[in-house]
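Notes to accompany the following structure.
Values in this text are rule-based calculations from the coordinates and carry no lab data. Note that the structure is a prediction, hence the values are computed from the model and not measured. Heads up, the Cβs are rebuilt from the backbone with ideal geometry, glycines too, and the neighbour counts pull from every protein chain shown.
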Amino acid sequence: MIGQGRLAAWGIGLAALVALPFVYRDPYHLHILVLILIWSFAYTSWSMMGRFGLVSLGHGGFMGIGAYVTALLWNHLGWSPWIGIPVSMVAAGALALIVGYPCFRFRITGHYFVLVTLALSGIVLQVITATRDYTGGSLGYTPNRTAGNKLLALQFDDKTTWYLIALGVWLFGIVVWHWVDRSMARYALEAISEDEDAAAAAGVDVTAEKLKITLLSAVMTALAGAIYCQYQMFITPDTVSGIAVSLQMVFAAIVGGLFVSLGPTFGAVITIMLAETLRIGFGTKAVGWDNLVYGVLLVLFIIFLPKGILGSVLDRLKPQRKVSRAHEQEAVQIAGPGT
Amino acid sequence: MQAFLDIFDVYLLEAVINGILLGGVLALLALGLNLIFGVIDVTWICYAELVMIGMYAMYFMVQYYGVSYFVAAPLTTVLVAMLGAALHYLVIAPLLAAPPINQLLATGGVLFVLQSFATVAFGIDFRNLGIRLPVLAFGEMHFSYARLLSFLAALVGMVVVYLFMTRTFTGTAIRAISQDRQIMALMGVDTRRIYLITSAIGGALAGLAACLLVLQYDVHPFVGLSFGPITFLICVLGGLGNFIGGFIAAFVFAEIISLGGLFSDLEWGYVLAFAFFIVMMFIRPAGLLARRR
């Protein structure tokens, strides 16, 4: 339960974040902040599943659906993103249910679950590439600039507006994270991630609980994709979809810390700052270097620091919290096929 | 109905046979991955990237140093085998006690490393060997020698692995470990050595696949993504660790891709294959050949 002090800290932090664009207007830095906030939201959405051992590599697919459905509805049917975004979220949710239900019903866990979701992001990527007459294929896609109402088209030119939108969305993600963290579903899911049979025996509806969190996570990821598309006004299959994006989410969430609410945000800050620093420092020579560093870090983190930077730091500060979170000692615990 | 009969002609037959030829290489890839999964209980997400490195090795040996293809191929196989052993030693071994998902994610990190290493070292240009093998015309059908050669070499590779697994002591130990990893240590088998050998064999199979794929496809740092996911799907469809299931699934997938490509774009072949995979997960969640529990 959030104490008075923490609540105050959150309030002050938020006020500072809201006030920031009115005091500090450097467009480049604001751009980076917007990107960090949008990706943080996506990573947070991923981690809501990931922290319960449901490691999905299909979130690139959900993100791609969010981005492409919104943009396609706008360009081809003239539907405003205000309608398009909910439609894309419903589409992603439907896909999550279609894939999730058999997975959970037939107890596809561990490696199998990862690879099935990998197939999912593969499908979305290939469909986007294959329908190149509509989506522009791998060359990318741009929502048409609106001539009319900017609010209706959800297209804004100034960074401050986008910053506030991204901040709102990010905050929404954090609130949902805490809501899940304090709900009964969390205990059910933790029980499931430790032992499905035992959880089922204790009266937890394993399939329903997993489906709920998957649905929530997928829908939020689609929202992240749609917001990213509206902000960047240019999407390619590789930047919003596919296995690389999925792995990027996993990576950032793990580096930041999977089990604390700000962990994925922290991961986003680190990864985006790292990419930008390398890009500025090395220019075009840096192509590939950022991913090289990511990859090495990911391996090192999983071996030496599976709870992520923020998670480990918080643990160091508050050793008593370990008691109630014993399952996190083993990072993402999943019943292997052999068990 | 008429439309269906119209397409039933030489093109269909050609696509079917091309599918079988493609299936050979896919089966080889799936075998390597299955071997590692079955024995070490680890999924190498970066498996296709090992193949990519092997393809680069072939490219540089043949194009830059003028090594003959048939000399370069064994060298590449050995090189990738060493890479596989190194991957196990450096990344998997420290994580053997960790939850399986962490091992999988760590190899995901290796995927990033290999991909960007190739980007940094070799650039993002598409490169090919420049070897143009003739096309075999058979009636009205056309097959490239490259595919035929790959198919045969893949078959030979698989037979060699089969013989190794059944006729040698080490092979027997590997098969035994995949059945019960705890008990084998009590039987006096050094599991660490077996794991290392298995990883090397898995790498060698990736290397062999690289030698064959480089004949048909251009090399670039992201080439792994074009056949990596399909390899995983084949293994899962066949049942992870199930060699025969993986073998059959490889041909099923290759046919779907090949026939899908006949009717529409190649991407739709892949889409069909992916969709088929997800439908199969409903029907047979534990793989094609899994026994009903």
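Report, in debye and to the nearest 20, how large the dipole of chain B comes out about its Cα centre when Lys and Arg carry +1 and Asp and Glu carry -1 on their Cβ.
On the way: 12 positive and 13 negative charges, 211 e Å.
With Lys and Arg at +1 and Asp and Glu at -1, about 1020 debye.
Using only the alpha-carbon atoms, how far is helix B:243-263 inclined from the longest principal axis of chain B? Give it as 0 to 90 degrees, nearest 10.
Value to nearest ten degrees: 30.
Going by a ≥ b ≥ c, the root eigenvalues of the Cα gyration tensor, does chain B fall in the rounded group (a/c under 1.5), the prolate group (a/b larger than b/c) or the oblate group?
oblate
Any idea how far apart residue B:172 and residue A:156 come out in nm if each label point goes 7 Å out from Cα toward Cβ?
In this crude label model, residue B:172 to residue A:156 measures out at 7.3 nm.
How far is the Cα center of the stretch B:37-94 from the Cα center of the stretch A:160-192, in Å?
Rounded to whole Å, the Cα centres lie 43 Å apart.
Once each part is reduced to its C-alpha centroid, what is the distance from the stretch A:126-148 to the stretch A:196-264 in angstrom?
Cα centres, the stretch A:126-148 to the stretch A:196-264: 24 Å.
Rounded to the nearest Å, what's the spacing between the alpha carbon centres of the stretch B:202-258 and the stretch A:1-61? Just the number, please.
The two parts, judged by their Cα centres, are 39 Å apart.
Using 7 Å Cα-to-Cβ label points, what is the residue A:208/residue A:145 separation (nm, one decimal)?
With each label placed 7 Å out from Cα toward Cβ, I get 5.2 nm.
Using 0.36 nm per residue of separation minus the Cα-Cα distance, give me the extension gain between residue A:105 and residue A:6 in nm, one decimal.
Fully extending the segment from residue A:105 to residue A:6 adds 31.6 nm.
Output wanted: per-residue J couplings in Hz (rounded whole) for the stretch B:15-29, from phi through Karplus 6.51 cos²θ - 1.76 cosθ + 1.60, θ = phi - 60°, x for Gly and Pro.
Computed from phi, the couplings for the stretch B:15-29 are 5, 5, 5, 4, x, 4, 5, 4, x, x, 5, 4, 5, 4, 4 Hz.
Quick check for me: using +1 on Lys/Arg Cβ and -1 on Asp/Glu Cβ, what's the dipole size of the stretch A:63-205 about its Cα centre, in debye to the nearest 20?
Result for the stretch A:63-205 is approximately 540 debye, rounded to the nearest 20.
Provide, for chain A, the number of lysine pairs with alpha carbons under 24 Å apart, each pair being eight or more places apart or on different chains.
4
Grab the DSSP H runs of chain A that are 4 residues or longer, score each as -39,500 (n - 2.57), total them, divide by all residues and round the 222 nm result to the nearest 500 deg cm²/dmol.
-23500 deg cm²/dmol
Would you list the membrane-span-like helices of chain A, meaning whole DSSP H runs whose alpha-carbon atoms span at least 27 Å along their axis and whose mean Kyte-Doolittle value is at least 1.6?
Qualifying helices, which must be both long enough and hydrophobic enough, are A:110-130.
Using the Cα centre of the protein assembly as shown as origin and beta-carbon charges of +1 (Lys, Arg) and -1 (Asp, Glu), tell me which of A:270, B:222, B:174 is placed farthest towards the positive end of the dipole.
Projecting each Cα onto the dipole axis, the largest value belongs to A:270.
Between residue A:178 and residue A:273, what's the calculated FRET efficiency when r is the beta-carbon distance and R0 is 35 Å? Round to 0.05.
Using R0 = 35 Å, I get an efficiency of 0.90.
Return one number: the angle in degrees, 0 to 90 and rounded to the nearest 10, between the long axis of the Cα atoms of helix B:69-87 and the longest principal axis of the Cα atoms of chain B.
40
Considering Cα pairs under 8 angstrom that are at least six residues apart, work out the relative contact order of chain B and quote it in whole percent.
Working: 424 pairs, mean separation 105.0, N = 293.
Computed value for chain B: 36 percent relative contact order.
For chain A, calculate the relative contact order in percent as a whole number, restricting contacts to Cα pairs under 8 Å that are 6 or more residues apart.
30
Say each of residue B:148 and residue B:89 gets a label point 7 Å from the Cα, pointing the same way as Cα to Cβ; how far apart are those two points in nm?
Each label point is offset 7 Å from its Cα along the Cβ direction, giving 4.2 nm.
Taking only Cα atoms and a 10 Å spring cutoff, compute GNM fluctuations for chain A and point out the largest among A:301, A:172, A:106.
Top of the fluctuation ranking is A:106.
Using +1 at the C-beta of Lys and Arg and -1 at the C-beta of Asp and Glu, which of B:35, B:46, B:74 has the Cα lying farthest in the positive direction of the dipole of chain B?
It is B:35.
Rule-of-thumb check for the stretch A:199-241: C-alpha Rg over 2.2 N^0.38 Å? Kindly include the intermediate steps, with their values, before the conclusion.
Values: Rg = 16.1 Å, N = 43, 2.2 N^0.38 = 9.2 Å.
Compared with the compact-globule rule of thumb, the stretch A:199-241 sits at 1.75.
Given only helices, namely DSSP H runs of n ≥ 4 each adding -39500 (n - 2.57), what is the per-residue ellipticity at 222 nm of chain B, to the nearest 500 deg cm²/dmol?
Helices in chain B give a 222 nm mean residue ellipticity of -24500 deg cm²/dmol.
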